[in-house]
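The block underneath contains the structure these notes are about, expressed in structure tokens.
The values are calculated or read from the model by the stated rules, or taken from the named source; none is laboratory data. Note that the coordinates shown come from a computational prediction; the quantities given were computed from them, not determined experimentally. Neighbour counts are summed over all protein chains in view; Cβ atoms, including those assigned to glycine, are modelled from backbone coordinates with ideal geometry. Heavy atoms of the whole protein, side chains included, go into the accessibility calculation; ligands, DNA and RNA do not. Shrake-Rupley method; radii C 1.70, N 1.55, O 1.52, S 1.80 Å.
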Amino acid sequence: MKRYMSLLCGTLLLMMASLAHADLTIEITQGSDRATPIAVVPFAEQGAQLPADIARVIANDLERSGQFEPLARENLIATPSTSGEVNYRDWRAVDADYLVVGKVSSDGSIQYELMDVYGQERMIGKVINIASPDQARAAAHRISDEIFEAITGIRGAFSTQIAYVTSQGVGENIQYGLQVADADGYNSQQILSSDEPILSPAWSPDGQKLAYVSFETGRPAIYIQNLANSQRVRASSFEGINGAPAWSPDGRKLAMSLSKDGQPEIYVMDIGARSFQRLTRSDAIDTEPSWSPDGRSLVFTSDRSGGPQLYRYDLASGEAERMTFTGNYNSRGRFSPDGDTLFMIHRGSQGFQVAKQDLERGRLVTLTDSRADESPSVAPNGTMVIFATQQGGRGVLSAVSADGNASFRLPSAQGDVREPAWSPFLN
């Protein structure tokens, strides 16, 4: 219960150490033994040099998805830049199933091709034009998305972003920051700076706004901030708890946990009308709501059974049904994009870990082997889950594939990082 209340009130953020605002770095911590071998050849530069290594960004994107194993550059047997220069037999000899080649032209355009090595055919051949060199990484992520979808049939999520909370300073002099970065941790930008804790960032469905909890007035309030112009409004600032905002799939409502009428309960706010509807009525703590993809129900955390468990509230019937029965602690439920799986934080014998539950069969499976996981957020294509955990006594962001077979870590240069939220598709 003590940990449950700390998640609710945000006291874990008070333990943050110093942090210099900088990009996160990627550390692959576990590769999948079922990953598909792919060769990404360094792109030829024809009179133009970009600030980003396009091929390196693509290879890193594909590797951290857990579904691909890029060949090391020292193992590449040739450096073709067009499909006409490819000898498929050579690439079969190094067990590459797929091959990516390309070149950067003097006009700044990026040409790339994807080949099926064993099928001996070109799957993609495209030219991407960029207006300025600083768009090179974004172009590389776009190429990764297209390659990922062409091979797996699943839309790539490499062009998305993540939001997270950082801090700088120690003791009573902590400066908190709300950051947004590319999904690989690069191009971080500070959205908000505060002397008081920031919690629970949540993306609007169109990716243009963030809702979050800020203690800047001395008590928690929920804000909505436009990312393009930094304009923001205070959505909820009742006495007591204002926490855990969650956007409805149509972007018109925010679910949240409020204690304005006593115990924390689940409410839904109509953003346009500025009206509130109370959903749950119990003597328990009800918090951490999250919408189902179809918008017909919400999952939330409640201790009404004696310990934190996940419940589903049906908006049509007004009934709440318990969903988790494995173990005595399950919290922070998040649906997969298809609505078939529920990701969560589960407490087992090893501590607090990311887990998933098949909603048809009810089977719960632990995905991580760390011991202090929190705040899971699912990629918009459902293939990965990002979460906060501990490494060397400080907070870092980690991600695990939805099948648990691959993982990577996004530590900061120093200090702690918490409260990750994966954006929706942005294009």
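Under the Karplus relation 6.51 cos²θ - 1.76 cosθ + 1.60, θ = phi - 60°, what is the ordered set of whole-Hz ³J(HN,Hα) values for the range 171-178, x standing for Gly and Pro?
Those phi angles translate into x, 8, 10, 7, 10, 9, x, 9 Hz.
Let me see the pair-distance distribution of the chain: every alpha carbon pair, 20 Å bin width, integer percents in order.
26, 53, 19, 1
In the neighborhood of ASP294, defined by Cβ-to-Cβ distances under 13 Å, what is the net charge if each Lys or Arg adds +1 and each Asp or Glu adds -1?
-2
Tell me the net charge near THR366. Cut-off is 15 Å between Cβ atoms, THR366 excluded, with +1 for each Lys or Arg and -1 for each Asp or Glu.
So the surrounding residues net to 0.
Kyte-Doolittle mean at least -0.5 and Cα extent at least 18 Å along the axis: which DSSP H helices of the chain qualify?
Correct list, ordered by number: 136-152.
Among ILE198, ILE271, ILE285, determine the one that fluctuates most according to a GNM of the chain built with springs between C-alpha atoms less than 10 Å apart.
ILE271
For the range 361-427, count all C-alpha to C-alpha pairs, find those more than 21 Å apart, and express that count as a whole percent of the total.
Here the tail beyond 21 Å accounts for 25 percent of pairs.
Okay, helix-only estimate at 222 nm for the chain: each DSSP H run of n ≥ 4 adds -39500 (n - 2.57), divide by all residues, round to 500 deg cm²/dmol; what do you get?
-3000 deg cm²/dmol
For a quick check: with amide H placed at 1.01 Å from N, whose amide H comes under 5 Å from LEU192's, ignoring anything fewer than 5 positions away on the same chain?
Counting only residues 5 or more places away or on other chains, the set is LEU178.
Give the residue from SER236, ALA246, TYR313 lying farthest towards the positive end of the charge dipole for the range 184-324; charges sit on Cβ (+1 for Lys and Arg, -1 for Asp and Glu) and the dipole is referred to the Cα centre.
So the residue furthest toward the plus end is SER236.
Which order do the peptides 99-112, 303-316 come out in when sorted by mean C-beta neighbours inside 10 angstrom, highest first?
99-112, 303-316
With θ set to phi - 60° and the Karplus curve 6.51 cos²θ - 1.76 cosθ + 1.60, what are the ³J(HN,Hα) couplings of the range 373-378 in order, to the nearest whole Hz, using x for Gly and Pro?
7, 7, 6, x, 9, 9
Count charges around GLU419 for me, please; just the other residues with Cβ under 13 Å from its Cβ, Lys/Arg as +1, Asp/Glu as -1.
-2
How do 262-268, 228-234, 162-168 rank on mean C-beta neighbours within 10 Å, highest first?
162-168, 262-268, 228-234
Beta carbons within 10 angstrom, averaged per residue: use that to sort the peptides 62-71, 116-125, 330-339, highest first.
Ranking the peptides 62-71, 116-125, 330-339 by packing returns 62-71, 330-339, 116-125.
Using the Cα centre of the chain as origin and beta-carbon charges of +1 (Lys, Arg) and -1 (Asp, Glu), tell me which of SER349, PRO264, SER132 is placed farthest towards the positive end of the dipole.
PRO264
Note down the accessible area of GLU85, probe 1.4 Å, to the nearest 10 Å².
About 110 Å², ignoring ligands and nucleic acids.
Work out from phi, with θ = phi - 60° and the Karplus expression 6.51 cos²θ - 1.76 cosθ + 1.60, the ³J(HN,Hα) of each residue of the range 183-199, listed in order in whole Hz, and give x for Gly and Pro.
3J(HN,Hα) across the range 183-199, in whole Hz: 4, 8, x, 8, 6, 5, 9, 7, 8, 8, 10, 8, 7, 10, x, 10, 9.
Roughly how far apart, in whole Å, are the Cα centres of the range 138-199 and the range 355-427?
Going from one Cα centre to the other spans 13 Å.
For the chain, what is the charge dipole size about the Cα centre, in debye to the nearest 20, if Lys and Arg each add +1 at the Cβ and Asp and Glu each add -1 at the Cβ?
Value, rounded to 20: 940 debye.
GLN175's amide H: which non-local residues (gap 5+, or another chain) put their own amide H closer than 5 Å, with H modeled 1.01 Å from N in plane and none for Pro or chain starts?
Under 5 Å from the amide H of GLN175 lie the amide H atoms of GLN168, GLY169, each far enough along the sequence or on another chain.
Treating only the Cβ atoms of Lys and Arg (+1) and Asp and Glu (-1) as charged, compute the dipole magnitude of the range 273-344 about its Cα centre; round to the nearest 20 debye.
220 debye
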